[in-house]
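Chemist: I have a structure I would like to understand better, so I am pasting it below and will then ask my questions one at a time.
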Amino acid sequence: MMRKPSPLRRGDVIGIIAPAGAVDEASLSIGICMLEDAGFRVRLGSAALKKSGYLAGTDRERLTDLHTMFRDPEIKAILAARGGYGCGRLLSMVDPDIIRAHPKIFVGYSDITYLLNDLVQRASLVTFHGPVVDGFHRRPEAAASLLAMLTGERVRWHEAAQEVVQPGTAEGLLVGGCLSVVVSTLGTPYAIETRDRLLFLEDVNEKPYRIDRMLTQLRHAGMLDGLAGVIFGEMVGCTAAEDERVTVRDVIADAFAHAPYPVAFGLPSGHGSGLLTLALGVRARLAGERLTLLESPLSE
């Protein structure tokens, strides 16, 4: 059974960690101010502003922040400061027993996809594919939508992609995130379980042939067999060179031309507008272009 975190309340403490790339302090400060203006208190992880090359501190420092925030009873939600690169280095060290014992809201996207799905699979925790704090000022509507979901103020669970690639209706547990991260878990103990699940995939600034290559790798690994359905994000910046008459939409349509399950394209979560926060680890229904959560991602 999945563990659902408690909803946020105004005045609660939100922890911010940087489990991946080094963080720009100015951008993070703006995001923190936005959270405080919304009525929350903020606690910054001890490694959030550290730098170790391209990482936000050493692996041990970033892992310690993650475990510490989950253990701290005062922290009600944990938000990633940014994505970048680095979460995959932590997977073998994450202690799922700590997360299972202290279920709480965990939010991020892009490289945070590693942790979002690992916590779904090994800790049975519902997680949230949503905006990171250092990007709040660039996406104020996405930040507001995130907080509305986490506080339970948003009670409508229907969202729509831009178009249908393969028609149909299916239900399953929602998983996924950044396509390139999902592909990088193949052949490891942390590969995402996709059978009978709704798989959400999105990415940014990848050429159509690279999307083709990654989908081909997923297909060869059997990850596209037995799916309930697939929902793609906006795939912002995934455009071909001027002399190549192919779009990322063409690549996706070709890859799933004979899929026996529904496929939709253009859900605005993650890179791009990032307007929607998706709850991973909850049951959902994909009917044409419409995605509906069949249960609340938060505990009563």
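Chemist: Within segment 152-192, how many residues turn out to be out of contact with any strand residue (DSSP E or B) (no Cβ under 8 Å at 6 or more places or on another chain) and modelled with pLDDT under 95?
Modeler: The qualifying residues number 5.
Chemist: Hey, another quick one. What number of residues within segment 177-199 satisfy the criterion of being without any contact (Cβ under 8 Å) to a residue 60 or more places away in the chain and not in a loop (DSSP other than H, G, I, E, B)?
Modeler: 5
Chemist: Can you pull out every residue in segment 76-119 that is within 11 Å of the chain's Cα centre (by Cα) and either aliphatic (A, V, I, L, M) or within 20 Å of G31 (Cα to Cα) (or both)?
Modeler: Once the filter is applied, which keeps residues that are within 11 Å of the chain's Cα centre (by Cα) and either aliphatic (A, V, I, L, M) or within 20 Å of G31 (Cα to Cα) (or both), segment 76-119 yields A80, G83, F106, V107, G108, Y109, S110, D111, I112, L115, L116.
Chemist: Looking only at segment 68-91, count how many residues are free of Cβ contacts under 8 Å to residues at least 40 places away in the same chain and either surrounded by fewer than 16 Cβ atoms within 10 Å (Cβ to Cβ) or outside the structural domain of G130 (by TED's automatic domain parsing) (or both).
Modeler: Result for segment 68-91: 2.
Chemist: Pick from G39, G45: which is in contact (Cβ under 8 Å) with a residue 24 or more places away in the chain, farther than 18 Å from G108 by Cα and out of contact with any Cys (no Cβ under 8 Å at 6 or more places or on another chain)?
Modeler: Exactly one residue qualifies, and that residue is G39.
Chemist: Based on this model, can you work out whether P268 counts as within 20 Å of G130 (Cβ to Cβ) and without any contact (Cβ under 8 Å) to a residue 60 or more places away in the chain? Before the answer, list the steps.
Modeler: Details: within 20 Å of G130 (Cβ to Cβ): yes; without any contact (Cβ under 8 Å) to a residue 60 or more places away in the chain: yes.
Yes; evaluated as a whole, the condition is true for this residue.
Per-residue answers, yes or no, for (1) touching a residue at least 12 places away in the same chain (Cβ under 8 Å); (2) of a type in the set (D, E); (3) closer than 20 Å to I112 by Cβ; (4) not in a strand (DSSP E or B):
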{"site": "G135", "(1), (2), (3), (4)": "yes, no, yes, yes"}
{"site": "A143", "(1), (2), (3), (4)": "yes, no, yes, yes"}
{"site": "L147", "(1), (2), (3), (4)": "yes, no, yes, yes"}
{"site": "G152", "(1), (2), (3), (4)": "yes, no, no, yes"}
{"site": "V165", "(1), (2), (3), (4)": "yes, no, no, no"}
{"site": "G172", "(1), (2), (3), (4)": "yes, no, no, no"}
{"site": "V175", "(1), (2), (3), (4)": "yes, no, yes, no"}
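Chemist: Okay, next question. When the residues of segment 200-222 are narrowed to those that are in contact (Cβ under 8 Å) with a residue 24 or more places away in the chain and in a loop (DSSP other than H, G, I, E, B), which ends up surrounded by the most Cβ atoms within 10 Å (Cβ to Cβ)?
Modeler: Selected residue: D203.
Chemist: Now a separate question. A228 versus (1) in contact with a Leu (Cβ under 7 Å, 6 or more places away or on another chain); (2) without any contact (Cβ under 8 Å) to a residue 40 or more places away in the chain; (3) closer than 19 Å to Y261 by Cβ: which is the lone unmet condition?
Modeler: Among (1) in contact with a Leu (Cβ under 7 Å, 6 or more places away or on another chain); (2) without any contact (Cβ under 8 Å) to a residue 40 or more places away in the chain; (3) closer than 19 Å to Y261 by Cβ, the lone unmet condition for A228 is (2).
Chemist: In segment 226-264, what count of residues is obtained for those that are in a loop (DSSP other than H, G, I, E, B) and touching a helix residue (DSSP H, G or I) at 6+ places or on another chain (Cβ under 8 Å)?
Modeler: Within segment 226-264, residues that are in a loop (DSSP other than H, G, I, E, B) and touching a helix residue (DSSP H, G or I) at 6+ places or on another chain (Cβ under 8 Å) number 7.
Chemist: Going by what's in this entry, would A255 be described as modelled with pLDDT of 95 or more and outside the structural domain of L116 (by TED's automatic domain parsing)?
Modeler: yes
Chemist: Right, here's the next one. Among the listed residues R82, R71, R89, R41, identify the single one that is touching a Lys or Arg at 6+ places or on another chain (Cβ under 9 Å) and of a type in the set (K, R). Outline the logic, then answer.
Modeler: On the way: R82 fails: touching a Lys or Arg at 6+ places or on another chain (Cβ under 9 Å); R71 fails: touching a Lys or Arg at 6+ places or on another chain (Cβ under 9 Å); R41 fails: touching a Lys or Arg at 6+ places or on another chain (Cβ under 9 Å).
Sole residue among the options that is touching a Lys or Arg at 6+ places or on another chain (Cβ under 9 Å) and of a type in the set (K, R): R89.
Chemist: Please return the ranges of helices (runs of 4 or more DSSP H) entirely within segment 1-118 where 2 or more residues are touching a helix residue (DSSP H, G or I) at 6+ places or on another chain (Cβ under 6 Å) and closer than 20 Å to A144 by Cβ.
Modeler: Where helices (runs of 4 or more DSSP H) fall fully within segment 1-118 and carry at least 2 residues being touching a helix residue (DSSP H, G or I) at 6+ places or on another chain (Cβ under 6 Å) and closer than 20 Å to A144 by Cβ, they are 25-37.
Chemist: Sticking with this one: Which residues, counting only those in segment 283-297, are closer than 21 Å to A143 by Cα and either assigned to a loop (DSSP other than H, G, I, E, B) or basic (K, R) (or both)?
Modeler: S296, P297
Chemist: From the set of residues in segment 148-179 that are within 18 Å of S269 (Cα to Cα) and charged (D, E, K, R), which is surrounded by the fewest Cβ atoms within 10 Å (Cβ to Cβ)?
Modeler: The residue in question is R156.
Chemist: Can I ask one more? For segment 20-67, name all the residues that are surrounded by 21 or more Cβ atoms within 10 Å (Cβ to Cβ) and among the charged types (D, E, K, R).
Modeler: R62, D65 - these are the residues of segment 20-67 that are surrounded by 21 or more Cβ atoms within 10 Å (Cβ to Cβ) and among the charged types (D, E, K, R).
Listed here are the residues, each with its yes/no results for (1) aromatic (F, W, Y); (2) over 22 Å from Y85 (Cα atoms).
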residue	(1), (2)
V107	no, no
S110	no, no
Q121	no, no
S124	no, yes
F136	yes, no
G168	no, yes
G187	no, no
F200	yes, no
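The values are calculated or read from the model by the stated rules, or taken from the named source; none is laboratory data. Keep in mind that this is a model prediction, so the values were computed, not measured. Neighbour counts run over all protein chains shown; Cβ positions are idealised from the backbone, glycine included.
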